[in-house]
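The next block holds one structure in the form of structure tokens; read it before the comments.
The values are calculated or read from the model by the stated rules, or taken from the named source; none is laboratory data. A quick note: this is a predicted structure, and the numbers were derived from the prediction, not measured. Cβ sites come from the backbone with ideal geometry, for glycine too, and all protein chains shown count toward neighbours.
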Amino acid sequence: MTPPLAEADALYGAALEAYERKDLGAAIPLFDRVIALQPDHAGAYYKRGNSLKDLGQFPAALASYDHAVRLKPDFAYAWCNRGVVQQALALNDAALASYDHAIALEPGDALAHSNRALLLQGMSRWESALASHDRALALDPKLFQVWFHRGNVLGQLQRPAEALLSYEKAVKCKPDYAEAHYNRAVLLERCGRHREALSSYDAAVAIFPGFHQAHFNRAGLLKRLTEHDAALAGYDRAIAAKPDYAEAFSNRGVLLQERGRLEEALASYERAIAIRGDYAEAYFNRGTLLRTNEQFEAALASFDRALAIKPDYAAAYCDRAWVLLEVGRLQAALVDYDRATALQPDFAEANFNRSQAQLLHGDYKEGWRGYEWRWKNADRLKAEVRTFDRPLWLGEHEIAGKTLLVYCEQGLGDTLQFCRFTKPVAELGAKVVLEVQLPLVRLLEKLDGVSRTIPEGSVAPPFDYHCPLLSLPLALNITLDNLPAPAAYLHSDAAKVAKWQTRLGPRHRPRIGLAWSGNPNNGRDRNRSVRLADLVEHLPGEFQYICLQKELRPADRVILDATPDLLNFSADLHDFSDTAALCDCVDLVISVCTSIAHLGAGLGKHTWVLLHFNADWRWLKGRDDSPWYPTAKLYRQPTRGDWPAVFARVGADLRRLFGDRLEKT
């Protein structure tokens, strides 16, 4: 009969062999038999604990390690592995005590220091974690994983230069360490070192072609570098590596949308949503695309779904409000803008867009205040901030006896509309220097309240304060009740008027000035400009029409050449003083929402303004008159896109207004 100790030794040897070949299912029963024969076998308990740990059976592993350290209190490795399973069970304080005990017994155990560091890292105790990583590396500088985790800790401590060095040490120790190349790339990108980051992403995916997150981040970086084809290929590789990668499908959709490939973008968003039905960002992105396509009801449904999933989604409230405005639901839009700004008070786009909705509603007190958010608004809506060594004036200082520089900031029409406010500023006792776009200088050099008009970009004379032109209503506390709206505040040059009159000859029939398109680079151009061919089709033939535009599109030139009753003087309109004089030679100005509308109405000419269904805030809501211009009449689309109805009303009103004069001719 074999003695129990000899049998235990034989079983222990067999158990160790099974453990080494990773046959844990066989190893554990053998360790159990060893323990049954030799209950004080600390090594068997330790190895049994390791086997259970490797199988993820952490409570049983912990019990086995407890036995091991109870039998052998100086068993440093058992204390260390005991800490590992305690950490896995989220028993962090107990795990830390186990690691400390292991290190006290075996100060030179680099692994124990490393495990302790990872525990502290998970507890967000960054400084202590760094100290433990450093101790591990002092013992063994070739521990590439420790260099890697140390880099992560330094990143959390906002010490990027040191973190990068740590990642570089990791890849020097292990050149094929894909995760270290990836983390280095992420940090380099965060530091703005984009080309170096791209090289690190390249290294990561070269080592591990299936590294979907690296492909995803690399694609995002390529997009920021405007290498769009490469970015799209990167998203495709991320998806190939992970076919259910919803985020990659969504971001791929954003890129396709920005490139105008809307059908493909929509398909990409739909795929992201099919993968993750609770993916609020994909619904949001889908909503923005549908909004761009003017599929407003579908866009609203998409934003609604995004908000149902993520009720604190400020951007979705902001974009849904934009769509609500487009479909004429102003009050609902204001509620959504309020929600967006309540969730994110510094949300510049939402604050700015809300101000425009408030102005559209006639709430000028709040609207002008919110309109100042244009200086902080992002991307395409951001106004260009000017800096001066003199203070900004927004009405808070007495300016009697002071010189105020007022400067243009947006389009020509904005300058023509808002230059009226220089007069009430001058009435406060200030000397006003007005800086405007070059084409407006001669027209505005004799503007009421202005002591000097200078072209944009020129050196201004000395001044005490400055104010952007569209901030004057805020500074002056302008509301609908005190809005200055003189019948005419712009004035043409009499000599130029006389020259135009001579050139036009005797007036035998009513003269109508026309402007049908604005700046093609304006983001809302397609909603405010019309085709000349569509307009002239509805204009009565008994009138003489005069083109008031300088800039003409090729298709419109063809119509002009084929319409003898529409005189084209665009080549002779050198600046707005010429256009103003020509306006003063017509009986009526008809214009879409562009600078000519403001010029004609500012001159006191009867001006008919043709407006899209969702017209700009300056025309208010649901009115056919304007508190800004006593001589203006507004013709709004009755439904979205219905320009023919507008043109038909204009034609009928022309005949009605000038009927008696037409009979005489």
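I'd like to check something: does the stretch 491-510 contain any residue that is closer than 17 Å to PRO439 by Cβ, among the hydroxyl-bearing types (Ser, Thr, Tyr) and in a helix (DSSP H, G or I)? No, the stretch 491-510 contains no residue that is closer than 17 Å to PRO439 by Cβ, among the hydroxyl-bearing types (Ser, Thr, Tyr) and in a helix (DSSP H, G or I).
Residues that are of a type in the set (D, E, K, R), under 34 Å from the mean Cα position of the chain (by Cα), assigned to a helix (DSSP H, G or I) and surrounded by 14 or more Cβ atoms within 10 Å (Cβ to Cβ) do occur in the stretch 603-622, at least one of them. Residues in the stretch 300-314 include at least one that is touching a Gly at 6+ places or on another chain (Cβ under 8 Å), more than 17 Å from GLU247 (Cβ to Cβ) and surrounded by 23 or more Cβ atoms within 10 Å (Cβ to Cβ). Does GLY449 satisfy being of a type in the set (Gly, Ala, Ser), crowded, with 16+ Cβ neighbours inside 10 Å and in contact (Cβ under 8 Å) with a residue 24 or more places away in the chain? So GLY449 fits the description; yes.
Just one of the listed residues (VAL205, VAL153) is over 21 Å from ALA136 (Cβ atoms) and of a type in the set (Val, Ile, Thr), and it is VAL205. Filtering the stretch 157-165 for residues that are in contact with a Ser or Thr (Cβ under 7 Å, 6 or more places away or on another chain) and either assigned to a helix (DSSP H, G or I) or farther than 24 Å from ARG224 by Cα (or both) leaves an empty set. Restricting attention to the stretch 23-39, the residues that are in contact (Cβ under 8 Å) with a residue 12 or more places away in the chain and within 26 Å of LEU89 (Cβ to Cβ) total 8. Cβ-Cβ distances below 6 Å connect the following pairs, each with a first residue in the stretch 397-415 that is assigned by TED's automatic domain parsing to the domain that holds GLN437 and of a type in the set (Phe, Trp, Tyr), a second residue that is crowded, with 16+ Cβ neighbours inside 10 Å and at pLDDT 95 or above, and a separation of six or more residues or different chains: TYR407/GLU435. Just to be sure, is SER166 in contact with a helix residue (DSSP H, G or I) (Cβ under 8 Å, 6 or more places away or on another chain), without any contact (Cβ under 8 Å) to a residue 24 or more places away in the chain and either among the aliphatic types (A, V, I, L, M) or closer than 30 Å to ARG82 by Cβ (or both)? Yes: the conditions hold for SER166.
Residues that are surrounded by 14 or more Cβ atoms within 10 Å (Cβ to Cβ) and assigned to a loop (DSSP other than H, G, I, E, B) within the stretch 470-479 comprise LEU476, ILE478, THR479, listed in sequence order. Among the residues of the stretch 624-651, write down those that are assigned to a loop (DSSP other than H, G, I, E, B), without any contact (Cβ under 8 Å) to a residue 60 or more places away in the chain and either of a type outside the set (S, T, N, Q) or outside the structural domain of GLU542 (by TED's automatic domain parsing) (or both). Those that are assigned to a loop (DSSP other than H, G, I, E, B), without any contact (Cβ under 8 Å) to a residue 60 or more places away in the chain and either of a type outside the set (S, T, N, Q) or outside the structural domain of GLU542 (by TED's automatic domain parsing) (or both): ASP624, ASP625, PRO638, GLY641, ASP642. Candidates are the residues of the stretch 633-647 that are at pLDDT 95 or above and of a type in the set (Lys, Arg); the one that is farthest from ARG528 (Cα to Cα) is LYS633.
Please work out which residue is farthest from the chain's Cα centre (by Cα), limiting yourself to the stretch 221-237 and to residues that are of a type in the set (Lys, Arg) and surrounded by 14 or more Cβ atoms within 10 Å (Cβ to Cβ).
ARG237
If I ask for residues that are touching a Lys or Arg at 6+ places or on another chain (Cβ under 6 Å), not assigned by TED's automatic domain parsing to the domain that holds TRP373 and not aromatic (Phe, Trp, Tyr), which ones from the stretch 289-344 would you list? ALA299, SER302, listed by residue number.
Candidates in the stretch 495-550 are the residues that are under 20 Å from LEU657 (Cα atoms) and small (Gly, Ala, Ser); of these, the one that is surrounded by the fewest Cβ atoms within 10 Å (Cβ to Cβ) is GLY541.
Based on what the data block shows, is ARG150 modelled with pLDDT of 95 or more, more than 29 Å from the chain's Cα centre (by Cα) and surrounded by 18 or more Cβ atoms within 10 Å (Cβ to Cβ)? When the stated conditions are applied, ARG150 passes them.
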